[in-house]
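Student: Dropping the structure in here first, questions after.
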Amino acid sequence: MTRYAHDEVVPYKDSGLSKKQQVTEMFDGIAYRYDFLNSFLSAGIDTTWRRKALLLLKNDPPRTLLDVATGTGELAIMASGLLHPRKIIGIDISEGMLEIGRKKLQKLGLEDRIELLKGDSETINMDSNSFDAVTVAFGVRNFQNLEKGLAEILRVLCPGGKLIVLEFSKPGSPFVRIFYNFYMKIIAPLMGKLFSKNHCAYKYLDESIKKFPEGKNFTQILDNLGYQNSYSKPLSLGICSIYFAEK
């Protein structure tokens, strides 16, 4: 499996732990503020991005859906309302995030439709060919080995199944990029430190976005792994992208 530059980006540079262990520790630490900071730092537009991503599945709604790196279950909850799958399973390596997600499901009465489980994208504990769709929102940058995680997702997808990835990217316009870089390098870590007491998490966000193989580079990785009909679609002047592919 090929290693990519973002695979080596970690939240805590002085830690002896693996990327996977550090990411787990980081999300456990910010879980209680994660939803608030997502909405605050994106001015609420993250909800629009999720909706646009899920609407790609609207014409052929999945009966079974796996949400990888589900976090607190935001995308899984939205998918339940928009697509009405028979069953949604969300997996994440952070038990802290999952606990908050389970409380949200209980409050919304969705426990019978959505199940949140501790799980690793690189060793998905599910049968092959078992999901009509797999979604990953802002999670592939956190894979310890990008290709291994994407290959596992391909394995659990049914033939004809669809992968939807939502991920941060870099704006194409040099003018927009100046403001974007200032915001990601200065403002986001400052707000992260203020509200979650963890500026490392948002410094890591910036660094991992910069080194992520976005756009055609990412769709080429999908093609090389055996996905078909892959394409990318930039959103909001390129600060976020939707990736689509099929098995």
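Student: Once fully extended, how much extra length lies between K107 and K13, figured as 0.36 nm per residue of separation less the alpha-carbon to alpha-carbon distance?
Tutor: 30.0 nm
Student: Another question, if that's okay. I want the antiparallel fraction of DSSP beta bridges within the chain, as a percent rounded to 5.
Tutor: Values: 14 of 34 bridges.
Here the antiparallel bridges make up roughly 40 percent for the chain.
Student: Could you name the lysines in cross-link range of K233, using Cα to Cα under 21 Å and dropping any fewer than eight places away on the same chain?
Tutor: K52, K58, K162, K170, K210, K211, K216, K247
Student: Under 11 Å from the Cβ of L205, count the other residues' Cβ atoms, weight Lys and Arg +1, Asp and Glu -1, and hand me the total.
Tutor: Taking every other residue near L205 into account, the sum is +2.
Student: Please compute the Kirkwood hydrodynamic radius of the chain from all pairs of different C-alpha atoms, in Å with one decimal.
Tutor: Working: mean 1/r = 0.0554 Å⁻¹.
For the chain, the Kirkwood estimate is 18.1 Å.
Student: Shifting gears a bit: Evaluate the stretch 145-241: find the radius of gyration of its Cα atoms, find its Kirkwood radius, and give the ratio Rg to Rh.
Tutor: Ratio of gyration radius to Kirkwood radius for the stretch 145-241: 1.05.
Student: Let me ask you something else. Taking only the Cα atoms of the stretch 91-181, how large is their convex hull per residue, in Å³?
Tutor: Given the Cα convex hull of the stretch 91-181, per-residue volume reads 149 Å³.
Student: Filter the trypsin sites (Lys or Arg not before Pro) in the stretch 24-90 down to the DSSP loop ones having no more than 13 other Cβ atoms within 10 Å, then list what survives.
Tutor: Those satisfying the criteria are K58, R63, R86.
Student: OK, next. For I45, project a label point 7 Å along Cα to C-beta. Then give me every residue of the stretch 204-247 with its amide nitrogen under 16 Å of that point.
Tutor: So the set is 233-242.
Student: For the stretch 48-99, just the Cα atoms, rotate onto the principal axes and tell me the three extents in Å, largest first.
Tutor: Ordered largest first, the stretch 48-99 gives principal extents of 34, 24, 14 Å.
Every read-out reported here was derived from the displayed coordinates using simple, explicitly stated rules and does not represent laboratory data. Computed from a predicted model, the values in this text were never measured in an experiment. Cβ sites come from the backbone with ideal geometry, for glycine too, and all protein chains shown count toward neighbours.
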